[in-house]
Structure formats: C-alpha cells, structure tokens
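Quick note: the coordinates plus some simple rules give every number you see, no bench work behind them. As the structure is a computational prediction, the values presented were derived from the model and not from experiment. Neighbour counts run over all protein chains shown; Cβ positions are idealised from the backbone, glycine included.
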Amino acid sequence: MSGKVALITGGGTGIGFDIARCMVEAGAQVVITGRREEPLKEAVALLGGQAHYVTNDVTDLGSLEGLVEQIETTVGPVDILVNNAGINLKKPALEVTDEEFARIVHTNLHAVFALTRACARRMVERRSGCLLMITSMAAYYGIDRVAAYGASKSAVEGMVRILASEFSGHGVRVNAIAPGFIETEMSRKAMGGDPDRRDRALRRTPMGHFGKPEDIGHAAVFLASDGARYITGASLPVDGGNSIGF
Ligand code: NDP
C-alpha cells in the first residue's frame with residue numbers, strides 16, 4: 001500500500017487504531033481522526049512517521065469538506081476512507097428517547113454519508129478510490145437492546161450496495177466489514193456487568209473466543225488493496241463464525 005493515503009475516523013483507539021497500524025505496516029500513510037486530541041497524539045507516537053492526526057468530530061457535518069481538503073493539501077489525495085468512528089447505546093427499545101435515537105443515527109449514519117460524499121467526489125474525479133464501512137452483527141441478526149445502533153448499521157449496509165452500484169463505473173469500490181465481538185472499550189461497556197450477554201455471544205461464535213482489533217485491521221488492508229480489485233458492494237463478516245453459528 002505504499003504511496004496510498006488512508007483516512008480512518010476514530011483511529012486513535014480500539015478497532016480504528018489497529019486498522020491504522022495494519023495499514024502503516026502495509027506501507028500506507030494514515031490520517032486518524034477523533035474528538036479527543038490526547039488519544040490521537042498517543043496513537044500517532046506509536047504508529048510512527050507515516051501517521052498523522054486531525055482532531056475532528058464527524059457529527060459536525062459542515063466541517064467534513066474542510067477536513068478532506070486539509071488532508072489532501074497537507075498529506076495527499078485520500079485513496080482510502082475507513083468510516084470506523086461509531087457509538088453504541090444499549091437500552092431496551094421502549095426506553096430509548098427520540099434524542100438518543102437521533103444521536104446514534106447522526107454519528108453512525110449521517111456523518112458516514114457526509115464524509116463518504118466528500119471523499120467520493122474527489123475519488124470519482126480521479127477515477128480511483130476505496131470506501132470502507134465498519135458495520136456490525138447488529139446489522140445481520142436481531143440483537144436485543146441496540147435498536148438505534150442496529151438501525152444505523154443496517155442502513156450503512158444498504159448504502160454500501162447503492163454506492164457500489166453508483167461508483168463502480170468511476171473506479172471507486174465500496175465495501176463493509178461486519179465485525180463480530182471484538183475486544184475493545186465499546187464491547188467492554190456493552191458486555192461489562194452483563195455476563196449473560198457475553199455468554200450468549202460466545203456460545204454462538206464457533207471459534208469460541210472474541211476477536212482482536214487487528215483481525216479487523218488485516219481485513220481492512222485486504223479490502224483496500226489491489227488484491228480486492230474485483231470486490232465491491234460486499235459485506236465481509238470478521239466474526240469467528242458468529243454470523244453463521246448455531
Ligand atoms: P471505541 O469506542 O474503542 O472507538 C470508537 C472511536 O470512534 C474512538 O476513537 C472515538 O474517539 C471515535 N469517535 C466516536 N464518536 C466520534 C465522533 N463523533 N467523531 C469522531 N470520532 C468519533 O469502539 P470500537 O473500536 O469497538 O468501535 C469501532 C467501530 O467498530 C465502531 O463503528 C463500532 O460500531 C464498530 N464495531 C465494534 C464492535 C466491537 O465488538 N468492538 C463490533 C461491531 C462493530 P473520540 O471519543 O475521541 O471521538
């Protein structure tokens with residue numbers, strides 16, 4: 001991936017950090033974003049000279065054109081966008097307020113579309129680019145107490161197919177990775193203090209253990225590489241078999 005520039009939202013922690021790490025190892029330059037500067041600084045120090053950060057809140061939709069412009073001017077044309085930033089809300093559906101629902105959908109769907117559009121305009125012009133979405137098992141089957149999260153991730157899965165149809169004639173590929181249960185801060189929050197949920201997740205994972213953030217990183221490198229040049233509109237589960245487990 002040398003010579004390529006990858007923009008990874010939420011790249012300072014968890015899955016996003018390991019996507020950035022795997023892409024750096026594969027030779028790419030990476031730009032990671034997030035709301036908090038401290039984790040981004042620490043991440044860039046660990047990732048080395050091929051990594052850069054910009055503090056940015058993806059829900060500030062009006063900032064996203066400027067973000068892409070800034071990166072393209074200072075680092076180079078964005079060849080790969082990984083829409084990784086996301087938030088979760090675990091709550092019984094009947095207790096979810098409209099404000100809470102809107103907050104999840106704004107981060108996980110509206111912001112993903114707005115940033116994708118900003119990058120895709122330039123990619124279409126250059127007739128080259130790769131867009132990657134990070135979805136969830138909550139877009140594949142009925143996980144209880146994540147109505148807003150599951151709705152947002154299901155919408156992104158749908159968007160992948162639509163955008164792949166629109167952009168394929170312009171040299172731009174669009175795919176999703178659907179992680180299973182991966183050990184990060186987000187999953188610790190969702191599973192912590194809920195051993196029953198943890199056991200259920202493990203029982204239907206044939207490999208019998210949770211995944212590591214780098215498992216998603218390796219898949220992202222593959223999907224973003226020329227080795228995946230004939231793959232578009234796909235959703236790749238990286239889940240230890242969770243989505244097909246009995
Ligand atoms: P983390 O909570 O560890 O990381 C989320 C990252 O997103 C953080 O770096 C956070 O940084 C950033 N982020 C959140 N909101 C915003 C925002 N408004 N603007 C910019 N950055 C933001 O979670 P994971 O690493 O577990 O999750 C990464 C992705 O993977 C998410 O999309 C999640 O839905 C998905 N996923 C995770 C699974 C798991 O088991 N862990 C399973 C399935 C999917 P900051 O707070 O500084 O903004």
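Things to note:
- Residue that is nearest to the ligand (Cβ to nearest atom) [pool: residues in the stretch 143-170 that are small (Gly, Ala, Ser) and surrounded by 15 or more Cβ atoms within 10 Å (Cβ to Cβ)]: SER152
- Index of the failed condition, THR184 passing every other in (1) in contact with a Pro (Cβ under 8 Å, 6 or more places away or on another chain); (2) over 19 Å from THR205 (Cβ atoms): (2)
- Residue that is nearest to LEU67 (Cα to Cα), among those in the stretch 122-141 that are out of contact with any Gly (no Cβ under 8 Å at 6 or more places or on another chain), of a type outside the set (A, V, I, L, M, F, W, C) and not in a helix (DSSP H, G or I): THR135
- Conditions (1) more than 10 Å from the ligand (Cβ to nearest atom); (2) under 14 Å from the mean Cα position of the chain (by Cα); (3) among the polar types (S, T, N, Q); number of the one not met by SER128: (2)
- Residue within the stretch 215-222 that is of a type in the set (Gly, Ala, Ser), touching an Asp or Glu at 6+ places or on another chain (Cβ under 6 Å) and at negative phi present: yes
- Yes/no for SER154 being within 17 Å of the chain's Cα centre (by Cα) and assigned to a helix (DSSP H, G or I): yes
- Hey, VAL30 without any contact (Cβ under 8 Å) to a residue 24 or more places away in the chain and either among the polar types (S, T, N, Q) or within 15 Å of LEU81 (Cβ to Cβ) (or both) or not: no
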